[in-house]
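Engineer: Mind having a look at this structure? Questions to follow.
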Amino acid sequence: MPYINQAEFSYGATDPRVINKSNVGFYAQSAETIQNTLVTSLTNLKKRFGLQYVLPMTGIASGEYYGTEFIYNINVIYVLIFTNLQLKIYRNDVLKATIVTIWTGAQLGANAIKTSMTNNEMIIVDGPHIPYHLINGGNDTTWSLLPENFKNYPTYDFKKNYDSFSFSLSSVTAGQGITLTCSDDVFDATYVNGRFASIGSTASENAPVGSARITAYVTPKTVTVEVTNSFDGSLKTGTGTVSGKNCQLEQPAWSDAKGWPKSVCFYSGRAWYGGTVSLPNVVFGSVDFSYNDFDLGSGYDSDAVIQILDGSDGEPVGEIKYLLGDKSLQIFCERSEHAVSNGGGAISPVNFIVRRQSSEGISNMPPILFDNTTMFIKRGGKSLMTYNYDGNADIYASKNASKLASHLINNPVSIASLRSLSDDDESYLFIVNTDGTLAILTSDIDENIKAFTSQITDGKFKKVFSSGDDIYFIIERVIQNSTVQYLEKLNFDIYSDSSVIYTNIPATKTLTGLSHLNDKTVDVIGNGYVLKNHVVTAGSITLSDEEPAVTNAVVGLNFESLIVPHPPIIYGAQGSEYYINKRITRVFLHYYQTLGLKINGVEIPLLPLSEAIFDAPVPATGIFEFNGLSDWDPLTTVSITHNLPLPFTILGLGYEVTQKSEGV
């Protein structure tokens, strides 16, 4: 009888549409279903983490929140949770401050606000409002949230045609209170904080550029300016005038009327903004190391930068939706991806060149750095893309990372990552889908692992975000016929959800503090004992007379893990005999430190039957052999389940398969 072995799962769960691709390498290293289970860096399978209950999210509409971290220093990291017109700030899961904000629940639910941090300052943008900055005052309770005080606004020539006008200045040298006069009615109040620049009457394009900031509106023909770079003498009033052909007159690029930035990041000593209503495809960079100053000046190396992504290659660009600083400044648009080429040096107005890299387009989900690669959800919400620099082609290449597991990507609403914390740990990317499921990508570059798995809970995953080395989820559950939302935290040391942990308490059979799970059936791990099926009543559970009193316990909602391997394949002289009737006669399951696995509903007897039912379980390691598991079927396989709040690890599977002979 043929024997088939599967010792690794480095490709995770694959799309049902590729189930018959048995001749492709990934088939032998993946499975049909891997649910509430993770792929390890050793390509094994293990029980997924549990969720520890933190606090209720009361009075908040479903999905209308935004979570992120605020890093004060390496030892002090805060959790920020934005809700409708409010920001709550936590440290070590304890509320420290509440701040009134301007952002509505609808904006938060649509991922409309974006944040970026440098030092002790977070910038928050949303599009309709001026950017705000959040600063910590040196302790847990002192915070300031204020509109950004821009020293100089970026400017843009919205009208562009001043050729028939002429201009003059009451003084051409640097100074304040200078009058700029135009030959025609051109000015209005919208020009305040704008910019006037000119090369004077010279015909040389290399002539020095004089520039001035417009500080006050006077009449349709005159404004007051501050000259910041001296002008050619031909502009001095009484000496002559200069044609508008040699001048540039710009309004503030940002305002309530023109719109405010929708994206932000800090990169290479500058603050970068992009994507306003009026200028959806323009990116702005601040003065070098002066994050609130966008003075273009005379184009010196440290001056501000402005660049239009004009789609000159014939492909549409769309609105700038996200900015990300990594190996270069990356710009993600509605229909394209771009990167800044600056010749390897510091960015300056002279060397700031933006090049289109690909034309995928990003969804409303932010790009994220994961395992030394930028990743983003493609518009349409069905694909997770990598965006990685290809040194041979000198371009960032976008590739579909979820092609083999596209069924697990379903219009994501939230994304976060957890980096490997040691040489033995894998990195995880968490993707919350609109249907409340959670897809996880396990990655280990050294072992060439890119494995997707699916996770569910008693309720719905709504949001995910990271804070330091912690991962937080906002979970929607139904408790006593009411829909509630909880903040819960990933915990690799427990194996139940919405869990409460009791440590070093006096020996007791009554566990309280469970009102968030009223009427729910929960499982208990108490002093190492598995105590199942207790109903929470009035916020507590009481163990039975037969069950031991506990001093350490974990109480939470059970979840079942499910693994369905691909049908085993027999290869004949002509290749794969995938569609030939076959029967699995024996299965060999190699397990490690495990209790409670089942194959096709039959529990693996890992403990001697003589042991008492309430004895503390001792995880076992070994190989279990089971006979006669399946009927005749070309797609025959097995189902492996686990429903105890305990860990398990599957090292590999082996099958002995009988195939029907022709005519049988």
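Engineer: Output the residues belonging to segment 361-378 that are surrounded by 21 or more Cβ atoms within 10 Å (Cβ to Cβ) and farther than 13 Å from Lys321 by Cα.
Structural biologist: Result: Phe370, Thr374, Met375.
Engineer: Could you please find all residues in segment 433-473 being among the aliphatic types (A, V, I, L, M), out of contact with any Gly (no Cβ under 7 Å at 6 or more places or on another chain) and touching a residue at least 40 places away in the same chain (Cβ under 8 Å)?
Structural biologist: The first filter runs over segment 433-473 and keeps only residues among the aliphatic types (A, V, I, L, M), leaving 438-441, 445, 449, 451, 456, 464, 471.
Okay, now just the ones that are also out of contact with any Gly (no Cβ under 7 Å at 6 or more places or on another chain), so 438-441, 445, 449, 456, 464, 471.
Of everything in segment 433-473, those that are among the aliphatic types (A, V, I, L, M), out of contact with any Gly (no Cβ under 7 Å at 6 or more places or on another chain) and touching a residue at least 40 places away in the same chain (Cβ under 8 Å) turn out to be Ile440, Leu441, Ile445, Ile449, Ile456, Val464, Ile471.
Engineer: Is it the case, given these coordinates, that Lys462 is open to solvent by 20 Å² or more (accessible area, probe 1.4 Å), over 23 Å from Ile320 (Cβ atoms) and assigned to a strand (DSSP E or B)? Write out each step before concluding.
Structural biologist: Values: open to solvent by 20 Å² or more (accessible area, probe 1.4 Å): yes; over 23 Å from Ile320 (Cβ atoms): yes; assigned to a strand (DSSP E or B): yes.
Yes.
Engineer: Considering only residues that are free of Cβ contacts under 8 Å to residues at least 40 places away in the same chain, under 16 Å from Ser467 (Cα atoms) and of a type in the set (Val, Ile, Thr), which ones fall in segment 51-108?
Structural biologist: Correct list: Ile74, Val76, Val94.
Engineer: Shifting gears a bit: Limited to segment 349-384, what total is found for residues that are in contact (Cβ under 8 Å) with a residue 60 or more places away in the chain and out of contact with any Leu (no Cβ under 7 Å at 6 or more places or on another chain)?
Structural biologist: Selection size over segment 349-384: 7.
Engineer: Looking at the structure I just gave you, is Gly210 buried (at least 22 other Cβ atoms within 10 Å of the Cβ) and over 42 Å from the mean Cα position of the chain (by Cα)? Steps first, answer last, please.
Structural biologist: Numbers: buried (at least 22 other Cβ atoms within 10 Å of the Cβ): yes; over 42 Å from the mean Cα position of the chain (by Cα): yes.
Taking the combined requirement at face value, the residue satisfies it.
Engineer: Output the number of residues of segment 145-165 satisfying the condition of being within 21 Å of Arg270 (Cβ to Cβ) and either polar (S, T, N, Q) or touching a residue at least 24 places away in the same chain (Cβ under 8 Å) (or both).
Structural biologist: 9
Engineer: When you scan segment 26-130 for strands (runs of 3 or more DSSP E) that lie fully inside it, which ones turn up with 2 or more residues that are more than 20 Å from the chain's Cα centre (by Cα)?
Structural biologist: Values: elements: 30-35, 37-39, 45-47, 50-56, 66-73, 76-83, 86-91, 94-100, 114-118, 121-125.
Because the criterion is at least 2 residues that are more than 20 Å from the chain's Cα centre (by Cα), the strands (runs of 3 or more DSSP E) in segment 26-130 that meet it are 30-35, 37-39, 45-47, 50-56, 66-73, 86-91, 94-100.
Engineer: Could you tell me how many of the residues in segment 576-601 are open to solvent by less than 60 Å² (accessible area, probe 1.4 Å) and either modelled with pLDDT of 85 or more or more than 43 Å from the chain's Cα centre (by Cα) (or both)?
Structural biologist: As a first pass, look at segment 576-601 and keep what is open to solvent by less than 60 Å² (accessible area, probe 1.4 Å): 576-578, 581-582, 584-585, 587-589, 591, 594-599, 601.
So of that shortlist, the ones also either modelled with pLDDT of 85 or more or more than 43 Å from the chain's Cα centre (by Cα) (or both) come out as 581-582, 584-585, 587-589, 591, 594-599, 601.
Number of matching residues: 15.
Engineer: Another question, if that's okay. Which of the residues that make up segment 297-310 are free of Cβ contacts under 8 Å to residues at least 60 places away in the same chain and over 13 Å from Arg270 (Cβ atoms)?
Structural biologist: Our first condition is that a residue be free of Cβ contacts under 8 Å to residues at least 60 places away in the same chain; within segment 297-310, this holds for 300-303, 305, 307-310.
Within segment 297-310, Tyr300, Ile308, Leu309, Asp310 qualify.
Engineer: Still on this structure, I have one more. Does any residue in segment 278-296 that is closer than 16 Å to Thr228 by Cβ and open to solvent by less than 40 Å² (accessible area, probe 1.4 Å) come within less than 7 Å, Cβ to Cβ, of a residue that is among the hydroxyl-bearing types (Ser, Thr, Tyr) and part of a loop (DSSP other than H, G, I, E, B) six or more places away or on a different chain, and which pairs are these?
Structural biologist: What qualifies is Val287/Ser302; Asp293/Ser286; Phe294/Tyr153; Phe294/Ser286.
Engineer: Of the residues that sit in segment 176-207 and are farther than 16 Å from Gly244 by Cα and surrounded by fewer than 14 Cβ atoms within 10 Å (Cβ to Cβ), which one is nearest to the chain's Cα centre (by Cα)?
Structural biologist: This residue is Ala189.
Engineer: Can I ask one more? For Lys399, work out the one condition from (1) touching a residue at least 40 places away in the same chain (Cβ under 8 Å); (2) assigned to a strand (DSSP E or B) it doesn't fulfil.
Structural biologist: (1)
Engineer: Please state which one of Gly67, Gly109 is under 22 Å from Leu145 (Cβ atoms), at pLDDT below 95 and surrounded by 16 or more Cβ atoms within 10 Å (Cβ to Cβ). Can you show your working first?
Structural biologist: Working: Gly67 fails: at pLDDT below 95.
Testing whether each residue is under 22 Å from Leu145 (Cβ atoms), at pLDDT below 95 and surrounded by 16 or more Cβ atoms within 10 Å (Cβ to Cβ) leaves just Gly109.
Engineer: Go through segment 340-375 and report how many residues are over 24 Å from the mean Cα position of the chain (by Cα) and not in a strand (DSSP E or B).
Structural biologist: 11
Engineer: If you don't mind, another one. Kindly provide the set of residues from segment 264-282 that are of a type in the set (Val, Ile, Thr) and closer than 16 Å to Pro316 by Cβ, ordered by number. Steps first, answer last, please.
Structural biologist: First, pick out the residues of segment 264-282 that are of a type in the set (Val, Ile, Thr): 264, 276-277, 282.
Once the filter is applied, which keeps residues that are of a type in the set (Val, Ile, Thr) and closer than 16 Å to Pro316 by Cβ, segment 264-282 yields only Val282.
Engineer: So, one more: Quick one: which of Ser422, Ser427 is open to solvent by 20 Å² or more (accessible area, probe 1.4 Å), within 25 Å of Ser467 (Cα to Cα), modelled with pLDDT under 95 and of a type in the set (Ser, Thr, Tyr)? Break it down into steps so the answer makes sense when it comes.
Structural biologist: Working: Ser427 fails: open to solvent by 20 Å² or more (accessible area, probe 1.4 Å).
One residue alone meets the criteria, Ser422.
Engineer: If you check Phe614 against the conditions, is it in contact with a Pro (Cβ under 7 Å, 6 or more places away or on another chain) and either at pLDDT below 80 or open to solvent by less than 30 Å² (accessible area, probe 1.4 Å) (or both)? I'd like the intermediate steps shown before the answer.
Structural biologist: Numbers: in contact with a Pro (Cβ under 7 Å, 6 or more places away or on another chain): yes; either at pLDDT below 80 or open to solvent by less than 30 Å² (accessible area, probe 1.4 Å) (or both): yes.
Yes: the conditions hold for Phe614.
Engineer: Mind checking which pairs have a first residue in segment 498-510 that is under 15 Å from Val524 (Cα atoms) and a second that is among the acidic types (Asp, Glu) and outside any strand (DSSP E or B), Cβ under 9 Å, 6 or more apart or different chains?
Structural biologist: Ser498/Asp458; Ile501/Asp493; Lys509/Asp545; Lys509/Glu547
Engineer: Limited to segment 123-144, what total is found for residues that are within 16 Å of Trp260 (Cβ to Cβ) and either open to solvent by less than 50 Å² (accessible area, probe 1.4 Å) or without any contact (Cβ under 8 Å) to a residue 24 or more places away in the chain (or both)?
Structural biologist: Summing the residues that are within 16 Å of Trp260 (Cβ to Cβ) and either open to solvent by less than 50 Å² (accessible area, probe 1.4 Å) or without any contact (Cβ under 8 Å) to a residue 24 or more places away in the chain (or both) in segment 123-144 gives 9.
Engineer: Next question. Tell me, please, whether a residue that is among the hydrophobic types (A, V, I, L, M, F, W, C) and either farther than 25 Å from Ser383 by Cβ or in a loop (DSSP other than H, G, I, E, B) (or both) can be found in segment 416-426. Break it down into steps so the answer makes sense when it comes.
Structural biologist: Here is the first cut: in segment 416-426, the ones among the hydrophobic types (A, V, I, L, M, F, W, C) are 416, 418, 421.
Filter again for either farther than 25 Å from Ser383 by Cβ or in a loop (DSSP other than H, G, I, E, B) (or both), leaving 421.
Yes - at least one qualifying residue is present in segment 416-426.
Engineer: From the list Ser544, Ser561, pick out the single residue that is small (Gly, Ala, Ser), crowded, with 17+ Cβ neighbours inside 10 Å and either out of contact with any Leu (no Cβ under 8 Å at 6 or more places or on another chain) or closer than 30 Å to Glu656 by Cα (or both). Give the derivation first.
Structural biologist: On the way: Ser544 fails: crowded, with 17+ Cβ neighbours inside 10 Å.
It is Ser561.
Engineer: Further question on the same structure: Only one of Glu250, Glu226 is closer than 30 Å to Ile113 by Cβ, at pLDDT 90 or above and charged (D, E, K, R). Can you tell me which? Working first, answer last.
Structural biologist: Numbers: Glu226 fails: closer than 30 Å to Ile113 by Cβ.
Glu250 is the lone residue from the list that is closer than 30 Å to Ile113 by Cβ, at pLDDT 90 or above and charged (D, E, K, R).
The values are calculated or read from the model by the stated rules, or taken from the named source; none is laboratory data. Here the structure is a predicted model, which is why all the values come from computation and not from measurement. Cβ sites come from the backbone with ideal geometry, for glycine too, and all protein chains shown count toward neighbours. The accessibility values were calculated without ligands, DNA or RNA, using every heavy atom of the protein model including side chains. Shrake-Rupley method; radii C 1.70, N 1.55, O 1.52, S 1.80 Å.
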